[in-house]
Structure formats: structure tokens, C-alpha cells
Amino acid sequence: MADTVTGTAAQTSPARARDALVGVYAPPPPLFVRGEGSWVWDEEGKRYLDLVAGIAVNALGYASPTIRRAVDEVLDTGIVHLSNLYRTAPAEALARQLVELAFPGKVFFCNSGAEAGEAAIKFSRRWARAVAGPEKHVIVSAEGGFHGRLFGTLALTPREKYQAPFRPLMPGAVTIDVEDAAAVDSTLDPDRVAAVMVEPIQGEGGIRPISDGALRHLREVCTERGILLVFDEIQCGLGRTGSLFAHQDAGVTPDLLLLAKPLGGGLPMGAVVAAPHVAETLRPGDHGTTFGGGPLVANVARAVLCTVSDPLFLEAVRTKGALVRERLASWVERFPGVVEVRGRGLMWGVVMADPVAPLVQRALEAGVLACGAGSHVLRLVPPLTILEDDLAEGLDRIEGLLS
Ligand SMILES: *Cc1c(COP(=O)(O)O)cnc(C)c1O
């Protein structure tokens, strides 16, 4: 049959477009149709090793039988959603499990990372108003931090590109360099500051670990002055670093802990764990969400949490992390384009001398999904279940592009 102007599915494909058109535009991303383990397949049957994992979401990889079982259990009950007017078992069990594993307190469920951040801002101000008054409302965040793109979290995400088109932002947001102890000491005025929000390892900001010393200093100052410490572990938490929570490595416990990305096993879910002194200031009507903590996401999250909190699972993440650390360290020595490598467990940033977008594109062509974290950092956040051989193969392929 002759070609028509609109073509057919069989007549058009990315490969055909590449053959037919001069390469002056960025090629369109592939269309993915299937996944298994740490691999995904595009519509043409090409296989890619995934070192992005849906941006640090797919901790258990693709086609996880654990997730399928958790979904099926809920579908069998017939109740996917009921609202927070009523009680459901998965959310209650998950909340209990979270506070047992994190620290004593209570849990609020929502539907994304940014929503967890917004809840934490409201909880911090609610607590501050209860213990002091309206003057104590400022939320301090860290340079290079990322907490989401909704109105409160955007004000705590000090990047001009994200903020400029939307000013005026939420008032009462201040950004400091949290590694600068003097800046911390002078900014954390107990009469005005309600909370400090930081990521123990900054994700979007370029995989930058905050030093243990800075985290401990923040904890000491916040405790002394009666200010809440909020850790955003949306990207670095839930096993990503080889510990269940990143802050456990520094031995520092926050008053509020934000979780999201991997929590729902690929379904949208966020959570805030609030220490008792914060939780007890919250009243009915202070906050809420229709979908938060529904049975389906909560049951999947329970399965994810059971898996990633297993000491053997975490040990495997640390073992694989040590392999990555060793390999990436050799890149700094061998390739002049590699400036520095940063990270822990299975959360790594390769800081490059040049912008990483072309490298990301070449990796894609070589069958590896990797992404940037800022313009000059290649981010590697594979499924936590990735096999050692697959991990080695992915690093080999990227290494081949560097040399
Ligand atoms: C991704 C991310 C968020 C925002 O989560 P969304 O689900 O995209 O709203 C917040 N904080 C950190 C540390 C993140 O990595």
C-alpha cells in the first residue's frame, strides 16, 4: 500500500525519523512499553538499563512481584479509595510502621513530595503559633536545596529560574548556607524562625551531601532555641543511601521528616512524620487531602517499606554503593572531563567540566538511562534492587562514552 500523508504506526518511528531528517534538533525521547528488573524496552524492542529509576522512585525496579501482590490485595477488597472520613487498615499499618522505623510521632499522608513540604510548612507554623505567636513564622532553607514547586515549597527552593516567573512568593522564607555555622547562628532567631528545612543529601541541587557536622550543628541550635528541624528525605531517604534514612548516618533526628518519591512504589504518595510535640498542636481542619493515604497507595507503600527496611536489603545497597564509589573515584583520575564525584549508597552525582546534556543523550543511544541534576552533574540513582552485573554493565557503558 502506498504511503499516506499521515503515515501509519508501522511507517513512522524514531529510527526512521533519524534516517530521514538532518540531525539539527534534539532527537525525541524513546517511547517505552515494558520494564523488568532494572531494564526498560522501547517500542522498537531496544533495551535500556535504567540508572534513573523514574527519578529515584522505582526503588524495587520494574515488574516487582512485591508491588503486584500489594496492588492485588487491595483490588481484591474492592476499595481503592474511601477518603479520610473513614478508617482503612493499610494507612494505619503503614503509619505505625513508619514511626517505629523513624522516630516516635504521628504521620500525615499526601500525594507527592511538594505536598509533603507544604504540609511541613503548615505544621511548623501551626506549632510555632501554638508555642509562641504569629511573629515566629519564618522557614529557613538551604542554598542549593529543592523542596518542590508549589507555592510554599517554591519559596524554599532558591533557584532563580524556578522562582522568578512567579513572584511574589510565600513571605517568611529565608535561605542560608547551612555549612556556615556563623550564618546558622545569626539567622536562627528563636523569636522569628519556626523551622529549618534541609535535605541531608541535596538531590536536584547536584547530589550534594550536607556534612554531618552541619547537620549536628543545626540540630543543636534548633534544640537550644526551640526551632523545628525538618529533613526532606524525599530523594535520599528510604534506603537510597544504604541506611533506611539518610539522617541516621549523621546520628541526627529531625522533628519533621518528609518522604515521597520511592514510598508509593511508583504510585503518587508523600508522607510527613511529625514528632509528638508538633503533632499535638494540630487540630481537625488544620490540613487535609482527599486522596492522601488511600488503601491502594498505602498498601503498596507498606510493601515497599517492608522491603527497603530489611537489614539484608540495606546491606546489599551498601555493597553495591561501594562498587559505584570505587568505579566513580577512578573516573576522576582517568578522565579530565570528570571533576568530582559525590554521593552515598546508590545516590551519586558525577560533576563534569562541561554540561551533561550531550552525555545523557549519548548514554541513551548506548542503552543507558541517566539524567542530570543541574547542568553539570550526571545523576545516577538506579533501582535499589539493581543486580551487581547490571550495575557494572551500566557503568561500563558510561565509561565507554567518557573515554
Ligand atoms: C522530588 C523532590 C521533591 C518534590 O517532589 P514532587 O513529588 O515532585 O512534588 C521535594 N524534595 C526533594 C528532595 C525532591 O527530590
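Inspect segment 335-345 for any residue being open to solvent by less than 10 Å² (accessible area, probe 1.4 Å), within 17 Å of residue 393 (Cα to Cα) and in contact (Cβ under 8 Å) with a residue 60 or more places away in the chain and give the result as yes or no.
no
Of all residues in segment 99-139, which are open to solvent by 60 Å² or more (accessible area, probe 1.4 Å), farther than 23 Å from residue 175 by Cα and not in a helix (DSSP H, G or I)?
Across segment 99-139, the qualifying residues are 104, 106.
So, of the residues in segment 179-202 that are assigned to a loop (DSSP other than H, G, I, E, B) and touching a helix residue (DSSP H, G or I) at 6+ places or on another chain (Cβ under 7 Å), which turns out to be nearest to the ligand (Cβ to nearest atom)? Quick ask: steps written out before the conclusion?
Of the residues in segment 179-202, the ones assigned to a loop (DSSP other than H, G, I, E, B) are 179-180, 188-192, 199-200.
Narrowing the set further to residues that are touching a helix residue (DSSP H, G or I) at 6+ places or on another chain (Cβ under 7 Å) leaves 179, 188, 190, 200.
Details: 179: 18, 188: 21, 190: 26, 200: 10 Å.
Only one residue tops the list, namely 200.
Out of the residues in segment 141-178 meeting the condition of being away from the ligand (no atom under 16 Å from the Cβ), among the hydrophobic types (A, V, I, L, M, F, W, C) and in contact with a strand residue (DSSP E or B) (Cβ under 9 Å, 6 or more places away or on another chain), tell me which one is least open to solvent (accessible area, probe 1.4 Å).
Selected residue: 176.
Please go through segment 150-166 and pick out each residue that is of a type outside the set (A, V, I, L, M, F, W, C) and either under 15 Å from residue 197 (Cα atoms) or part of a helix (DSSP H, G or I) (or both).
As a first pass, look at segment 150-166 and keep what is of a type outside the set (A, V, I, L, M, F, W, C): 152-153, 157-163, 165.
Correct list: 152, 153, 157, 158, 160, 161, 162, 163, 165.
Residue pairs, Cβ under 7 Å, 6 or more apart or interchain, first in segment 375-392 and in contact (Cβ under 8 Å) with a residue 12 or more places away in the chain, second open to solvent by 50 Å² or more (accessible area, probe 1.4 Å) and assigned to a helix (DSSP H, G or I). List them.
Once the first residue is in contact (Cβ under 8 Å) with a residue 12 or more places away in the chain and sits in segment 375-392, its partners that are open to solvent by 50 Å² or more (accessible area, probe 1.4 Å) and assigned to a helix (DSSP H, G or I) give 388/323; 391/323.
Condition check: among the acidic types (Asp, Glu) and either away from the ligand (no atom under 16 Å from the Cβ) or in contact with a helix residue (DSSP H, G or I) (Cβ under 6 Å, 6 or more places away or on another chain) (or both). Does residue 135 satisfy that? So that I can check it myself, show each step before the final result.
Numbers: among the acidic types (Asp, Glu): yes; either away from the ligand (no atom under 16 Å from the Cβ) or in contact with a helix residue (DSSP H, G or I) (Cβ under 6 Å, 6 or more places away or on another chain) (or both): yes.
For residue 135, the condition - among the acidic types (Asp, Glu) and either away from the ligand (no atom under 16 Å from the Cβ) or in contact with a helix residue (DSSP H, G or I) (Cβ under 6 Å, 6 or more places away or on another chain) (or both) - is met.
Name the single residue that is nearest to residue 126 (Cα to Cα) among those in segment 296-313 being small (Gly, Ala, Ser) and crowded, with 21+ Cβ neighbours inside 10 Å. Spell out the reasoning first.
The first filter runs over segment 296-313 and keeps only residues small (Gly, Ala, Ser), leaving 298, 301, 303, 309.
Imposing the further condition that a residue be crowded, with 21+ Cβ neighbours inside 10 Å reduces the set to 298, 301, 303.
Details: 298: 26, 301: 28, 303: 32 Å.
Result: 298.
Here are some conditions: (1) open to solvent by 10 Å² or more (accessible area, probe 1.4 Å); (2) in a helix (DSSP H, G or I); (3) within 16 Å of the ligand (Cβ to nearest atom). Residue 316 meets all but one. Which one does it not meet?
Condition (3) is where residue 316 drops out.
Taking segment 40-68 as the region of interest, how many residues are in contact (Cβ under 8 Å) with a residue 12 or more places away in the chain, part of a strand (DSSP E or B) and surrounded by fewer than 20 Cβ atoms within 10 Å (Cβ to Cβ)? It would help to see each step written out before you state the result.
Initially, segment 40-68 is screened for residues in contact (Cβ under 8 Å) with a residue 12 or more places away in the chain, giving 40, 42-44, 46-64, 66-67.
Right, trim to part of a strand (DSSP E or B) and you get 40, 42, 47-50, 62.
Then keep just the ones that are surrounded by fewer than 20 Cβ atoms within 10 Å (Cβ to Cβ); that gives 42, 47.
Looking only at that region, the number is 2.
In segment 76-88, which residues are surrounded by 13 or more Cβ atoms within 10 Å (Cβ to Cβ) and outside any loop (DSSP other than H, G, I, E, B)?
Residue satisfying the conditions is 77 alone.
Considering segment 306-355 alone, what residues qualify as being over 30 Å from residue 95 (Cβ atoms) and touching a Ser or Thr at 6+ places or on another chain (Cβ under 7 Å)?
Those that are over 30 Å from residue 95 (Cβ atoms) and touching a Ser or Thr at 6+ places or on another chain (Cβ under 7 Å): 335, 355.
Would you tally the residues in segment 378-403 being open to solvent by 10 Å² or more (accessible area, probe 1.4 Å) and out of contact with any strand residue (DSSP E or B) (no Cβ under 9 Å at 6 or more places or on another chain)?
Total satisfying the criteria: 7.
Restricting the search to segment 200-229, which residues are among the hydrophobic types (A, V, I, L, M, F, W, C) and over 15 Å from the mean Cα position of the chain (by Cα)?
Taking segment 200-229 as the starting set, the residues that turn out to be among the hydrophobic types (A, V, I, L, M, F, W, C) are 201, 207, 210, 214-215, 218, 221-222, 227-229.
Passing the criteria: 210, 214, 215, 218, 221, 222, 227, 228, 229.
The values are calculated or read from the model by the stated rules, or taken from the named source; none is laboratory data. On a predicted model such as this, the values are computed, not experimentally measured, just so you know. For neighbour counting, all protein chains shown are included, and Cβ atoms are generated from backbone atoms with ideal geometry for every residue, glycine included. These area figures cover heavy atoms from the full protein model, side chains too; ligands, DNA and RNA do not enter into them. Shrake-Rupley method; radii C 1.70, N 1.55, O 1.52, S 1.80 Å.
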